[in-house]
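Trainee: Pasting in a structure now, in structure tokens, and then I'll have a few things to ask.
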Amino acid sequence: MARTALVTGGSRGIGAAISRALKAEGYNVAATYAGNDEAAAKFTEETGIKTYKWNVADYDESKAGIERVEAEVGPVDIVVANAGITRDAPFHKMTPDQWRDVIDTNLTGVFNTVHPVWPGMRERKFGRVIVISSINGQKGQFAQVNYAATKAGDLGIVKSLAQEGARAGITANAICPGYIATEMVMAVPEKVRESIIGQIPAGRLGEPEEIARCVAFLASDDSQFINGSTISANGAQFFV
Ligand code: CAA
């Protein structure tokens, strides 16, 4: 029987490419989204992938949503914690709300997404936890104290989960995309974006599909011994 994959933030940007790639690999896929009903409906129409609306920052909503996915699509074997937001501001201008929103969505959202599926993975002796971190969690970023903190936190999460899940056949890994051609990066002021591209030895932004292919590999049986790792996909912009 085909395995089931859940992708948060899976109807737009990198998440949409991940959902499509996993479907192409033969998984049953469910994608979540937070607010953009129109984009989600269009995505489902184009791909046949079911979309579910909930706020990953809310534990009870996440748990109830995952129960629906498990009843309608199947027990979640592969979870891709991808949903994330930015609220960029230089630290001296960053408000407590900007800090909290990003922590709640990007970091607590990972807990809220993985915690409800973890017991089932342990029982079935198989699981794949794949967290989409960021180059900016590795190197920090001007105007992203909040975002960088969450993306660095992701790396601590997967290294800890890897140790807890290894004997139960569960792996937990992170991918750190560099700057990828998505709405999030396009929202950066053009001059700043041009200067960022100038710092990427590949000379271009990455494509969402380049991240999706990393996820497909980590989701597969072939990756069983890769556990607690971080895959950087950044066009040689930064090395750990
Ligand atoms: N390094 C050093 N200085 C910088 C800088 C940088 N990277 N970016 C901006 N500055 C400087 C500016 O030159 C300016 O200096 P002056 O005052 O001397 O002119 C100052 O910092 C900015 O001051 P402002 O008051 O104009 O700043 P602002 O309140 O308007 O904020 C900003 C502007 C939010 C920082 C905006 O420039 C911005 O969005 N920058 C991009 C931040 C970024 O790279 N975010 C990544 C988004 S993509 C993503 O997150 C996906 C992923 O995982 C990779």
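No lab work stands behind these numbers, since they all come straight from the coordinates. Source: prediction; values computed, not measured. Every residue, glycine as well, gets a Cβ built from its backbone with ideal geometry; the counts of neighbours run over all protein chains shown.
Trainee: Which length gain, in nm to one decimal place, applies between Ser220 and Trp99 when the Cα-Cα distance is subtracted from 0.36 nm times their residue separation? Write out the running numbers ahead of the final one.
Mentor: Numbers: separation 121, 0.36 × 121 = 43.56 nm, distance 3.52 nm.
Result: 40.0 nm gained on full extension.
Trainee: May I pose another question? Give, in nm to one decimal, the length gained when the segment between Ala89 and Asp58 is fully stretched (0.36 nm per residue of separation minus the Cα-Cα distance).
Mentor: This chain segment gains 8.7 nm when fully extended.
Trainee: May I pose another question? Under a 10 Å cutoff between Cα atoms, tell me which one of Asp60, Asp101, Asp221 has the largest fluctuation in the Gaussian network model of the chain.
Mentor: Asp221
Trainee: Next question, about the same structure. At a threshold of 8 angstrom on Cα-Cα distance, excluding pairs fewer than six apart, so keeping six or more, what relative contact order does segment 180-235 reach in percent?
Mentor: On the way: 28 pairs, mean separation 22.6, N = 56.
Relative contact order for segment 180-235 comes out at 40 percent.
Trainee: Say we join alpha carbon atoms closer than 10 Å with springs in a Gaussian network model of the chain; which of Val145, Val188, Val114 then has the biggest fluctuation?
Mentor: Its mean-square fluctuation being the largest, the pick is Val188.
Trainee: Treating the beta-carbon of each Lys and Arg as +1 and of each Asp and Glu as -1, no other charges, what is the dipole magnitude of the chain about its Cα centre, to the nearest 20 debye? If you can, show how the numbers build up before the last one.
Mentor: Values: 24 positive and 27 negative charges, 102 e Å.
Roughly 500 debye, rounded to the nearest 20.
Trainee: Could you tell me the distance between the Cα centroids of segment 1-30 and segment 173-203, to the nearest Å?
Mentor: Segment 1-30 and segment 173-203 have Cα centres separated by 23 Å.
Trainee: Determine the sum of side-chain charges near Ile180: Lys and Arg each +1, Asp and Glu each -1, restricted to other residues whose C-beta is under 13 angstrom from that of Ile180.
Mentor: Combined, the nearby Lys, Arg, Asp and Glu give 0.
Trainee: Within the chain, how many lysine pairs that are 8 or more places apart, or on different chains, have C-alpha atoms less than 26 Å apart?
Mentor: Counting lysine pairs in the chain gives 24.
Trainee: Still on this structure: Which order results if Met94, Met186, Met1 are arranged by neighbouring Cβ count within 10 Å, fewest first? Intermediate values should be presented prior to the final figure.
Mentor: Details: Met94 17, Met186 11, Met1 5.
Result, fewest neighbours first: Met1, Met186, Met94.
Trainee: Based on the Cβ-Cβ distance of Arg122 and Ala233, what FRET efficiency does E = 1/(1 + (r/R0)^6) give at R0 = 35 Å, to the nearest 0.05? Kindly include the intermediate steps, with their values, before the conclusion.
Mentor: On the way: r = 29 Å, r/R0 = 0.83.
Result of the calculation: an efficiency of 0.75.
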